[in-house]
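Undergrad: First the structure, which I've put down as structure tokens, then a few questions once you've had a look.
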Amino acid sequence: MIEVSKKCIGCSKCVPVCPFAAINMIDKMAVMNEACTLCGVCVQVCPVQAITITREEASARDLSGFKGVWVYVELSEAADKTHPKKIKQVTFELLSAGRRLADELGEDLCAIMLADKNHNYEKELGAYGADKVYMVEHDELFEYNTDIFTTVIVSLVTRHKPSVMLYGATIQGRDLAPRVASSLYVGLTADCTALAIKDGLLLQSRPAFGGNIMADILAPKSRPQMSTVRPNVMKMSEPVHGRSAVVVRESAKLDKSLRRVKVLERKIAHEGGAVKIDTARIVVSGGRGMKSKEKFKMLEELSKLLGGVVGASRAAVDLGFKEKAHQVGQSGTTVSPKLYLSFGISGAVQHIVGMKASDIIIAVNKDASAPIFNVAKYGIVGDVHEIVPKLIEALKKK
Ligand code: FAD
Ligand code: SF4
Ligand code: SF4
């Protein structure tokens, strides 16, 4: 419920910022109409705190009308406005996971697309399983902005009532999802590693207590049930080309004044020597068993010969063998290459969650009982300092 108290001084500041034209000035007082989605934007601009929004207790909410699995579509940064942005791979991974959830629930899978222009995105989104694309096109959506994107998503959710909403646990998703969750007064499970349906609810699994246990989380009293999932965690299904999604165009009245943060400059970290470990087809990783920074360099040579990227366990990073940008695992990057080679890594759960989605895992460890062998397709029990030089020699001969 939204209320305007007698503190209102009739300044009208709330009127232009409302994205849904839900405020009228009547007798020098703001009055909200039925178009209000409780997005909360007007509350932030009122200079005298005259507007209050009271949200229902979770237990008192009627959840019966909430249907459908939604996936937030994340776009890459474009060089400028004339270049079409690309849909990030994590979106396709989430659509693939979302398709399974939607089928189990017998509901639609919808992609939520906010952009300044639609470049036929529905074809790709449909190919990865979306039934519908809720499309909001507006000049103000040319780049990601927390306030503007939150406002639009909150209004879409309020109008269409999805049951499940998934975001990539990317920089953007990690910024957007909590804002949406707090605006809607619902929960959010971050960094899920598995999603399933249990008794009609979204079963969200994620590591807890430093990765020592897996926690299964249900949100029975609020909707939408919201999760973020890291890139490379969910397996992407094969696209069905020619299968296109239905586009549902949604309008939003967006004003520049909603934009509280202005981007002045963008800088890419590690420019030049950028590490693309998350998209590499081959990752050659080393752990504490490599013994020293000097010996770790053998993996650089091996990786070069294979056309791969070097990865490292946290222990190897902590020991200074490799920079943090190369760390694979729970507090590093999640990878899913075609081939993952592991040398002198024990296979702690925090490492495994970051690489278990790899197609083929080959592990070398001198301890036959090392847990890394539980996820490896091929295992070699032996000394890395003997095996790596032999591999390099053999590849050089080829
Ligand atoms: P160790 O566990 O010490 O294993 C070294 C292995 O090398 C052993 O199995 C040994 O048998 C083998 N070995 C030794 N010498 C040789 C040799 N000559 N030839 C062959 N094998 C040899 N870890 C990560 O990797 N990524 C993360 O993102 C991450 N995040 C974490 C987050 C939290 C909150 C916590 C608590 C921990 C995290 N960790 C992470 C740390 C993790 O628990 C392990 O400590 C770490 O993965 C161990 O790295 P390691 O396998 O290189 O070292
Ligand atoms: Fe408009 Fe949002 Fe305020 Fe409602 S809460 S009146 S939709 S700005
Ligand atoms: Fe009234 Fe506040 Fe709106 Fe101004 S911004 S008209 S004080 S409710």
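Undergrad: Check the cysteines of the chain one by one and keep only those with no other cysteine Cβ under 4.7 Å from their own.
TA: Cys8, Cys11, Cys18, Cys36, Cys39, Cys46, Cys110, Cys192
Undergrad: Further question: Jot down the per residue volume, in cubic angstrom and as a whole number, of the convex hull over the alpha-carbon atoms of the chain.
TA: Looking at the chain, the number lands at 171 Å³ per residue.
Undergrad: Can you pull the one-decimal nm distance between simple spin-label points at Glu104 and Lys338, each 7 Å off the Cα toward Cβ?
TA: Reported label-point gap for Glu104 and Lys338 is 3.1 nm.
Undergrad: How far, in nm, would the chain grow between Arg249 and Arg159 when pulled straight, counting 0.36 nm per residue and subtracting the alpha carbon separation?
TA: Contour length minus Cα-Cα distance gives 31.1 nm.
Undergrad: Give me the extension gain from Lys390 to His241: residue separation times 0.36 nm, minus the current Cα-Cα distance, reported in nm with one decimal.
TA: Result: 49.2 nm gained on full extension.
Undergrad: For Lys390, list the lysines whose Cα falls under 21 Å from its own Cα; do not include residues on the same chain fewer than 8 positions away.
TA: Answer for Lys390, where 21 Å is the Cα cut-off: Lys291, Lys293, Lys295, Lys297, Lys304, Lys366, Lys377, Lys398, listed by chain and number.
Undergrad: For Lys123, which lysines qualify as cross-link partners when the Cα separation must be under 18 Å and same-chain residues fewer than eight apart are set aside?
TA: Partners found: Lys85, Lys86, Lys88, Lys132.
Undergrad: In nm, what is the difference between 0.36 nm times the number of residues separating Cys11 and Glu137 and their Cα-Cα distance?
TA: Difference between extended and current length: 42.3 nm.
Undergrad: Which aspartates and glutamates, if any, have their Cα less than 13 Å from the Cα of Lys13, not counting same-chain residues under 8 positions apart?
TA: By straight Cα distance, Lys13 reaches Asp255.
Undergrad: Now, a different point. Suppose R0 equals 51 Å; then what is the FRET efficiency for Arg281 and Lys28 from their Cβ-Cβ distance, rounded to the nearest 0.05?
TA: Efficiency, rounded to the nearest 0.05: 0.20.
We did not get these values from a lab; they are worked out from the coordinates using the rules stated. As the structure is a prediction and not an experimental result, all values here were calculated from the model. A quick note on method: Cβ atoms are made from the backbone with ideal geometry, for glycine too, and the neighbour counts reach across all protein chains shown.
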